[in-house]
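Take a look at the structure below.
Please treat every number below as a calculation from the coordinates, not as lab data. Worth saying up front: this structure is predicted, and the values here are computed from it rather than measured. Here the Cβ is made from the backbone with ideal geometry for all residues, glycine too, and neighbour counts use every protein chain on show.
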Ligand SMILES: Nc1ncnc2c1ncn2[C@@H]1O[C@H](COP(=O)(O)OP(=O)(O)O)[C@@H](O)[C@H]1O
Ligand SMILES: [Mg+2]
C-alpha cells in the first residue's frame, strides 16, 4: 500500500527520463490512408498465411469442373444434340463454352458465401478482430467496407485464375472474356453484402450450413449455369430468373462468349448493383446494431 | 481527461449504467471497483467511444464521443476484458497489424513494437504464435498492443482477472511504469487488493451506480474503520454477540457464515465478544480493506 502511494506522489514528475516504452514521443503521421483501407489491410495481411493454398484451390476448382462437366459431359451433350447447340439454347456453340460462364458465376457465389459467413462470425466471436478495430480510429462502416472489399479481392483473384484456366481449355471466344472478371466481382459483392448483413446478426453458425444447403446449392444448379432455363416448367423458370445468380450467369455469359451486349445485360448488371447496394445498407444497419451497442 | 454527468447506458429496458458522474484527471490511475454486472465494462466502452451513451454528458480527451469518436480513440489504448488477439498471427504481427489501424508508418510501428515487446517481457517470443502464450503473456501482449500508438489514456478492463498471483504482480509492475511516464490509466477490477495497490482514486460501483468515491485509504477510513474483527459463532449465540458489539459502538455486518465488526482496535472488539461468555468457533482480527467498504455499502460481497 505505502509503495503505491509513494509512486503516486513522485511518479508523473520523477521518471520522465526513463521512458522504457518510448511513450510520450508522438508518432509522425503521414498522409492518411482511408480507414476502411486499413481494415482491408488487416484481412489481406492475415491472408498471407493461406494465400498459396487459396490460389491452389482457385486453380484446381475450374480445372476439375471444366474437365468433368465442360469437356467430359460436354462432349456427350454436343454429340447428342440434334440441330446444333444454338438450336438447343446452348449459346456459345459448344456445351463447354456454354457452361464455363455458369461455373464461374457459381464458384464466385460460393466463395462469397464462404467469405461472408464464418469469417464474419469469427471476426466477432473468435479473433474478435472487429472489436479490436473498433477500439482504434476505425468506425463500424470502415470495418464493414474493409471486410467487404476483402471478399471482393478474394473473388477477383479467383476470377482471374478461373478465366486463365478457361482460356487454356479453349472455352473462351475472344479477349473480351476478361470482362468476366469485373462481372465476377459484381456477382461476389451482390452475394457478399446481404450475406454479411445476415451473418453479423447470428449468435451461432448453424444457419450458415442451412443456407448452403437450401439456398446456395439450388441456386448453383438452377440458375442457367448447366442448362438453359427454358428446360424448366414455366413457373419455376420465372422463379429462377428472379434469383441473383441467374443474372450473374447471364452477364458472365455475354462477357465470355463475346456476344454483343444487349439491353438485358444492363438489366442484369442493374439487378446486381441494386442488390449490392441494398445489402450494404442493411449490413450497415445490422453491423451498427451488433457492434456499436 | 474524462468528465461525465448523469451518464447512462440502457440495453432495451435494462439499465446497465444508471446515471453516473465522473471526473478523471490527467496522469492519475483511476479505478472502477465492483462485482460482476456492476456496469464497469459498459462504462469503459462508453469512455472508449465504442458504445454510445443512452443519455447524459460525456467528454473524453476534451471532445464529445458522439461526434469525435475516431479522433478520441486515436489517443486511447484499450485493453478489453477478454483478450482479442489474433491467434493465427505471431506476437509481433499482432502489434504490427494494430499499429496500421492508427495509420502509423511501418517503420515507426516496427520500432515501437520492439520496445513494447521488451516492455511486456515478450521479446524472446516475438515470432511465437499467440496460441502458445500463457494467460499472463497474452494479457501483457494485449497491454503492449494498446500502447502501440502512444496513447495518453489507457483503459484496462479487468487487467488481471484469471491470472495467477505471479502473473498479476508482473502486470501491476508494468502498469506502475506506465503511470510513472504520465499515462492516465483507467482500470476496472473486482479485486480489492488490485484497486488498493494501483489506484490513486476509485469509485465503487454496484448495479450501475457509484456508491462511493475517493482514494482507497480514505474510503476505508470513511466507511469502515481501521480494523475488522471476523467471528464465527453458533447461531444461538449470535444475538448476544451482536448486542455486545453494539454496546461497544462497533458497526457490524452479518454474513452467511460469520459476523464482521469494525473498530479502530480489533482486539478490544474481540475482548468485548469474549466478555459475553460466548465461545467463538473462529476469530480473525485484520486490517480493514475495500472489500469491507463494499460490504458496508451494499450488504454484499465483491467476489462470491
Ligand atoms: N450488449 C448487452 N446487451 C444487454 N445487456 C447487457 C449488454 N452488455 C452488458 N449487459 C448487461 O449490463 C449489466 C452490466 O454489465 P457490464 O457492464 O458488463 O458489467 P461488469 O463489467 O461490471 O461486469 C450486466 O447485467 C449485463 O448483463
Ligand atoms: Mg466487465
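At a glance:
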| read-out | value |
| --- | --- |
| Helix B:135-146 vs. chain B, principal-axis angle (Cα, 0 to 90°, nearest 10) | 60 degrees |
| Peptide-level mean, for B:173-182, of C-beta atoms on other protein chains within 10 Å | 6 |
| Average beta-carbon neighbours from other chains, 10 Å sphere, peptide B:82-93 | 4 |
| For B:32, A:227, order by how many other beta-carbon atoms lie within 10 Å, fewest first | A:227, B:32 |
| Separation of alpha-carbon centers, the range A:130-168 and the range B:195-221, rounded to whole Å | 46 Å |
| Contact order relative to length of the range B:130-209, as percent, for alpha carbon pairs under 8 angstrom and 6 or more apart | 32 percent |
| Among B:174, B:247, B:201, residue whose mean-square fluctuation peaks in a GNM of chain B (springs only between Cα atoms under 10 Å) | B:247 |
| Burial ordering of A:130, A:61, B:98, fewest other beta-carbon atoms within 10 Å first | A:61, A:130, B:98 |
| Rh (Kirkwood; distinct C-alpha pairs) - the protein assembly as shown, Å | 28.0 Å |
| The range B:31-48 versus the range B:95-145: alpha-carbon centroid distance in Å | 26 Å |
| Cα-based convex hull, the range B:2-215, per residue volume (Å³, whole number) | 116 Å³ |
| Residue of B:275, B:84, B:146 that the Gaussian network model of chain B assigns the largest fluctuation, springs spanning Cα pairs under 10 Å | B:275 |
| Calculated [θ] (222 nm, deg cm²/dmol) that DSSP helices of n ≥ 4 give over the protein assembly as shown, each run adding -39,500 (n - 2.57) | -16000 deg cm²/dmol |
| Helix axis angle, A:51-65 relative to chain A longest principal axis, alpha carbon, degrees | 10 degrees |
| Of B:242, B:171, B:17, the one that fluctuates the most in a GNM where chain B has Cα springs shorter than 10 Å | B:242 |
| 10 Å Cβ neighbours from other chains, averaged over peptide B:257-270 | 0 |
| Residues A:42, B:191 arranged by fewest to most Cβ contacts within 10 Å | B:191, A:42 |
| Packing rank of B:223-231, B:99-107, B:137-145, A:270-278, where each peptide gets the mean count of other beta carbons within 10 Å, highest leading | B:137-145, B:223-231, B:99-107, A:270-278 |
| Rounded if a/c under 1.5, otherwise prolate or oblate - chain A, Cα gyration tensor axes | prolate |
| Mean separation of Cα contacts under 8 Å, 6 or more apart, over the residue count of chain A: relative contact order % | 24 percent |
